[in-house]
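This report refers to the structure that appears directly beneath it.
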Amino acid sequence: MSNLIGLSNTMLTIAFIFYCIATILFFVAVTGKSFRNRTPEGHGKRFGRIAYATAVLGFLAHAVFIGMRWYIGGHIPTSNMFEFMQFLGFAMTLAFLGIYLIYRIPLIGAFVMPFSVIVVAYAAVFPREVTPLIPALQSYWLQIHVSTAALGEGAFAVGFAGGLMYLLRTVNLKENSASAVWLEIVMWVICALIAFIVLVFSFQLAGYKTTFKAPFQMSTGQVVESQVKYHMPAIVGPKDGTLETTDKMKPWFEAPAFMKGNQAARKFNTLIWSVAGGTLLYGVARLAFRRRISAVASKWVQDLEPELVDEISYRAVAIGFPIFTLGALIFAMIWAHEAWGRFWGWDPKEVWALITWLFYSAYLHLRLSRGWQGKKSAWMAVIGFILVMFNLVFVNLVISGLHSYA
């Protein structure tokens, strides 16, 4: 069995390498080509085909990994953060491959494939052992609920890419307008996400570990001593915690009292590192380019037809919304009733799934009945996916709840 686990991990590594190569090839395809009339030409067409074929090979290797992991564990690999994030990367790639067959624009790959790479790389920072399912997850609704929710979010990622391309194409970045400022904030958010993954991966690769001993109040009211392990230098420590690894950096301050549970302090510490790292990465990029990052990215999309990328974004969201509705709400409520005896419990993950669903419902309603196309629609596609990533990263890692095992 250990040989199969090792082989499955090798297949995921191969998929990741193909995704990286496909991303590079899509960027190469973007250089020196025309997007006019929807028909890529010459250099761009050739590299676009090669990039797409490479992405397909990565997708197939990824599918083999999922199949092997499913066989080894006896359940679909979506039961923890490692398994879910790699499956989300799989879903993003699947959505992109489908949309690309319709429009055949390499620039879509240059915007979507980096997110697949980032998500799969992010999955690698979590423990990847195959473990038995906890009782709450021992249901076939796990396979239906999580996989369909991830597929819907994968389509939303393509909608985000289309919306971002539209804004980069149409917003006048030479003016200090509200749209230009907010677009640059989106660039900072992307930098923070990249910094988060790079920092967590780097510290885990270096084997960094800090241990605290801190009091923990159980549900019965009894206070016991618990051990909290940090894998990043402690800027914020657990409330009333004692540092056991004295050769490591001491925390600058303790977590506020409203952060219940010692793990919340560790998660808050990771958030602080991510914000600081993202700000540093953004600042370095601004100094290197000597202009806004959005102004640099906008050069790639100037030959695109705004109506075309608006259509791409809308179509992706329209495909993803019913799938997300089934997975994240309907199937989730059925599973919640089986696992906890109630359809709805105002758990943080449930609340943010509902907020995301309501937001995309508003997007479709305003577009179809109020004519919100173009810039307004693009902004909503971008903000909607930011809500998805907030739910995946911040709610999963910082806010405690019934979904904390994920």
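Structural remarks
- What the pair-distance distribution of region 93-244 shows, using all Cα-Cα distances binned every 10 Å from zero, is 8, 22, 27, 25, 13, 4, 0 percent.
- The modelled label-to-label distance for the pair SER369/LEU205, using points 7 Å beyond Cα in the direction of Cβ, is 5.1 nm.
- Three-way shape label, region 60-110, alpha-carbon gyration tensor, a/c 1.5: prolate
- Volume per residue that the Cα convex hull of region 160-213 spans, once the total is divided by residue count, Å³: 129
- Viscosity 0.890 mPa s, 25 °C: Kirkwood-radius Stokes-Einstein D of region 99-168 over Cα pairs, µm²/s: 167
- Unit Cα scatterers, Debye sum, region 277-406: log10 I(q)/I(0) for q = 0.13 Å⁻¹: -0.74
- Rounded, prolate or oblate (a/c below 1.5 giving rounded, otherwise prolate when a/b exceeds b/c) for the chain by Cα gyration tensor: prolate
- Peptide packing for 93-99, 46-52, 285-291, 334-340 was compared via the average number of neighbouring C-beta atoms within 10 Å per residue; ordered from the highest value, the list is 93-99, 46-52, 334-340, 285-291.
- Sorting ASP303, ASP240 by accessible area puts them as ASP240, ASP303; the probe is 1.4 Å, largest comes first, and only protein heavy atoms count.
- Note, ³J(HN,Hα) from phi for region 81-93, Karplus 6.51, -1.76, 1.60, rounded to Hz, x at Gly and Pro: 5, 4, 5, 5, 5, 5, 5, 5, x, 4, 5, 4, 5
- In this structure VAL275 has an accessible area near 60 Å², from a 1.4 Å probe over the protein heavy atoms.
- List HIS231, HIS62, HIS365, HIS145, ordered by accessible area with a 1.4 Å probe, largest first: HIS365, HIS231, HIS145, HIS62
- Direction-averaged projected area, Cα convex hull, region 325-386: 4.6 nm², rounded to one decimal.
- Proximal lysines relative to LYS349, as straight alpha-carbon distance under 21 Å, when same-chain residues fewer than 8 apart are discounted: LYS260, LYS267
- The listed residues CYS191, CYS20 rank as CYS20, CYS191 when sorted by accessible area, largest first, using a 1.4 Å probe.
The values are calculated or read from the model by the stated rules, or taken from the named source; none is laboratory data. All values derive from a computational prediction rather than experimental measurement. All Cβ positions, glycine included, derive from the backbone under ideal geometry; neighbour counts span all protein chains shown. These accessible areas exclude ligands, DNA and RNA; they are computed on the full protein's heavy atoms, side chains included. Shrake-Rupley method; radii C 1.70, N 1.55, O 1.52, S 1.80 Å.
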